[in-house]
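**Student:** Please find one structure pasted underneath; my questions will follow.
The values are calculated or read from the model by the stated rules, or taken from the named source; none is laboratory data. Note that the structure is a prediction, hence the values are computed from the model and not measured. Positions of Cβ are backbone-derived with ideal geometry, glycine not excepted, and every protein chain shown enters the neighbour counts. Keep in mind that these areas ignore ligands, DNA and RNA; they rest on the heavy atoms of the full protein, side chains included. Shrake-Rupley method; radii C 1.70, N 1.55, O 1.52, S 1.80 Å.
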Amino acid sequence: MTDLSSSSYGQRPSRFASITSAQWKSWHWQQQHRLRRPEDFDGVLELTADEREAFAACSDRFRVAVTPHYAALMAPTDPECPIRRQAIPGLAEQQVHSFEHSDPLAEEAHMPVPGLTHRYPDRALLYLSHNCPVYCRHCTRKRKVSNPTTAASTRQIERAIDYIADTPKIRDVIISGGDPLTLSDARLEEILGRLRDIAHLDVIRLGTRNPVTLPQRITEALADILSEYAPIYINTHFNHPSELVPGATAALQRLVRAGCVLGNQMVLLRGINDDPQTVLSLNRRLLRHGCRPYYMLQCDMAQGITHFRTPLKTGLDIMDHLRGRIGGVGVPDFVIDLPGGGGKVELVPDYIVDRRPTEYGETIQFRNFHGDHFEFVDLDIDDQ
Ligand code: SF4
């Protein structure tokens, strides 16, 4: 079995050279030794002048925290490193645009009780924590994530679960945050048990970036708990193939063995993963470890993340590239979560190049992924 202590492909940064394997494997040690201030990165990264300035400018609005595991994946001297850009603040976060929203998905406006968003009739989003091992600079919930004053109280969580129990049309609950795996095993077990006892729930989902940023959290003890309440649908958030290091893939495999159904929600990020080859490579590696590419999300219109956004055409071109180069199981849905709480819509490349009426209905000319053209006769059923 792969050793969860093997964190990166290369060597650990010199700052962690004396750390024992037992310490490195401990998720508590990783959490307690998160890097938060510029000086914490000495012996890990050579911060640029802009990055240092960004620490001072950004961290009171949206904190900085990086696990040693995730820091060890970063290129020490390259500020454009795709892992580094996800976790080290940049001055572009300070830019304000009139079209941005603090709550782009209107999650707060659809809360029947605090800490629970109920927008689609059959689904509810339950926020358990506003902590995360790493605070991703592209986070869409910057308005509250990383802020300890907005953490959900025990009473608030109880009221939210009561609401789910009292609302039979809810069939699917997504446990989210922040990252719900920042809770203790005992607390998670209690909450999963409460939810599993609700007879009208078909689906329990859990959204977590721990397999990426803190794979040590996926312990045998946690896997046993998840297995007890199987199937738990886990959506994680790998954005780049370099994140799939041995520790992370071992965490995915452990979750699969526990009966979890794994999906990945990649966010399309400018300069990080906005090219077809990177996404193809990521998706191939995810499939190898039992995690299905589920969504490729257009980056939201949240405040301070516009510099990460790509044109819609970029995502459509990536989808066009994927189709034909990887089986359907590796092709995610490319979606925009509409601002204002409109929900998700899927975008697909336009494969129709011509259409003309015929005696049967319509003849449609499609192009395939090679650019070759093929005709399909679409029947007008009313005329048959
Ligand atoms: S793990 Fe998720 S909730 Fe936490 S900072 Fe990253 S994107 Fe936001």
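**Student:** Per residue, how much accessible area does the chain show when a 1.4 Å probe rolls over the protein heavy atoms, in square angstrom? The partial results should precede the final answer.
**Tutor:** Numbers: 16960 Å² over 384 residues.
Accessible surface, normalised per residue, equals 44 Å².
**Student:** Per the helix-only calculation at 222 nm, which mean residue ellipticity applies to the chain, given -39500 (n - 2.57) for every DSSP H run of n ≥ 4 and division by its residues, nearest 500 deg cm²/dmol? Present the calculation step by step, with values, prior to reporting the outcome.
**Tutor:** On the way: 12 runs with 102 residues, N = 384.
Mean residue ellipticity, 222 nm, calculated: -7500 deg cm²/dmol.
**Student:** Students often get this wrong: which residues of region 87-129 have the backbone nitrogen under 19 Å from the point 7 angstrom along Cα-to-C-beta of residue 61?
**Tutor:** It comes to 87-106, nothing else.
**Student:** Amide H of residue 309 versus every other amide H placed in the peptide plane: which residues, excluding those fewer than 5 positions away on the same chain, fall under 5 Å?
**Tutor:** HN-HN under 5 Å from residue 309: 270.
**Student:** If you fit an axis through the alpha-carbon atoms of helix 246-257 and take the longest principal axis of the Cα set of the chain, what angle between them do you get, 0 to 90°, nearest 10?
**Tutor:** 60 degrees
**Student:** Could you give the angle, 0 to 90 degrees to the nearest 10, between helix 185-196's Cα long axis and the longest principal axis of the Cα atoms of the chain?
**Tutor:** 30 degrees
**Student:** Related question: Place the peptides 342-350, 296-304 in order of packing, highest mean first, counting for every residue the other Cβ atoms within 10 Å and averaging per peptide. Display every interim value, and only then the final one.
**Tutor:** On the way: 342-350: 12.4, 296-304: 22.1.
Descending mean neighbour count gives 296-304, 342-350.
**Student:** Turning to a different aspect of this structure: Could you list, in their original order, any pairs among 169/313; 144/344; 142/313; 25/313 whose Cα atoms are separated by more than 31 Å?
**Tutor:** On the way: 169/313 37 Å; 144/344 22 Å; 142/313 26 Å; 25/313 42 Å.
Table pairs above 31 Å Cα-Cα are 169/313; 25/313.
**Student:** What does the extension gain come out to for residue 29 and residue 356, with contour length at 0.36 nm per residue minus their alpha carbon separation? Walk me through the numbers on the way to the answer.
**Tutor:** Numbers: separation 327, 0.36 × 327 = 117.72 nm, distance 6.56 nm.
So the extension gain works out to 111.2 nm.
**Student:** Here's a follow-up. The chain: longest stretch without exposed chymotrypsin sites (Phe, Trp or Tyr not before Pro) (DSSP loop, at most 12 other Cβ within 10 Å), sites themselves excluded?
**Tutor:** On the way: sites that count: 9, 99, 360.
With a cap of 12 other Cβ atoms within 10 Å, the longest stretch comes to 100-359.
**Student:** Using Cα atoms only, what is the angle between the long axis of helix 49-58 and the major principal axis of the chain, expressed in degrees (0 to 90) to the nearest 10?
**Tutor:** The two axes meet at around 90 degrees.
**Student:** Taking R0 as 30 Å, what's the FRET efficiency between residue 277 and residue 346 from their Cβ-Cβ distance, rounded to 0.05? Show your work: numbers first, answer last.
**Tutor:** Details: r = 23 Å, r/R0 = 0.76.
Computed FRET efficiency for residue 277 and residue 346: 0.85.
**Student:** Further, regarding this structure: May I ask you to give the percent of accessible area on the chain that is carbon plus sulfur, with a probe radius of 1.4 Å?
**Tutor:** Numbers: 8600 of 16960 Å².
It is 51 percent, rounded to a whole number.
**Student:** Given a 10 angstrom Cα cut-off, can you work out which residue in 215, 79, 311 is the most mobile in a GNM of the chain?
**Tutor:** Ranking 215, 79, 311 by mean-square fluctuation puts 311 first.
**Student:** On to the next question. For an R0 of 51 angstrom, estimate the FRET efficiency from the Cβ-Cβ distance between residue 42 and residue 377 and round to the nearest 0.05.
**Tutor:** Values: r = 68 Å, r/R0 = 1.33.
Calculated value: 0.15.
**Student:** Using a Gaussian network for the chain with springs between C-alpha atoms less than 10 Å apart, which of these wobbles most: 71, 151, 251?
**Tutor:** Highest fluctuation among the options: 151.
**Student:** Over region 185-255, what is the relative contact order in percent, taking alpha-carbon pairs closer than 8 angstrom and at least six residues apart? Working shown, then result.
**Tutor:** Details: 62 pairs, mean separation 27.6, N = 71.
Once divided by the residue count of region 185-255, the mean separation gives 39 percent.
**Student:** May I ask you to work out the translational diffusion coefficient for the chain at 37 °C, viscosity 0.692 mPa s, via Stokes-Einstein with Rh from the Kirkwood sum over Cα pairs, reported in whole µm²/s?
**Tutor:** 148 µm²/s
**Student:** Just by accessible area at a 1.4 angstrom probe, what is the order of 111, 74 from largest to smallest?
**Tutor:** Working: 111 45, 74 10 Å².
In descending accessible area the options line up as 111, 74.
**Student:** Around residue 167, which amide H atoms from residues at least 5 apart in sequence, or from another chain, sit under 5 Å from its own amide H, with H modelled in the peptide plane?
**Tutor:** Those qualifying (amide H under 5 Å, at least 5 residues apart or on another chain) number zero.
**Student:** Something else now. Which trypsin sites (Lys or Arg not before Pro) in region 165-216 sit in a loop by DSSP (not H, G, I, E or B) and have at most 12 other Cβ atoms within 10 Å of their own Cβ? Before the final figure, lay out the partial values.
**Tutor:** Working: sites: 169, 171, 187, 194, 196, 205, 209; in loops: 169, 171, 209.
When the trypsin sites (Lys or Arg not before Pro) of region 165-216 are filtered for loop state and at most 12 Cβ neighbours within 10 Å, 169 remain.
**Student:** Are there GluC sites (Glu not before Pro) in region 29-95 that DSSP marks as loop and that have at most 10 other Cβ atoms within 10 Å, and which are they?
**Tutor:** Numbers: sites: 39, 46, 51, 53, 80, 93; in loops: 46, 80.
Counting only loop positions with at most 10 other Cβ atoms within 10 Å, the GluC sites (Glu not before Pro) in region 29-95 are 80.
**Student:** Which ³J(HN,Hα) values, rounded to whole Hz and listed in residue order, are derived for region 219-230 from phi using the Karplus coefficients 6.51, -1.76 and 1.60 in 6.51 cos²θ - 1.76 cosθ + 1.60 with θ = phi - 60°, glycine and proline given as x?
**Tutor:** Residue by residue, region 219-230 yields 7, 4, 5, 5, 4, 4, 5, 4, 5, 4, 10, 4 Hz.
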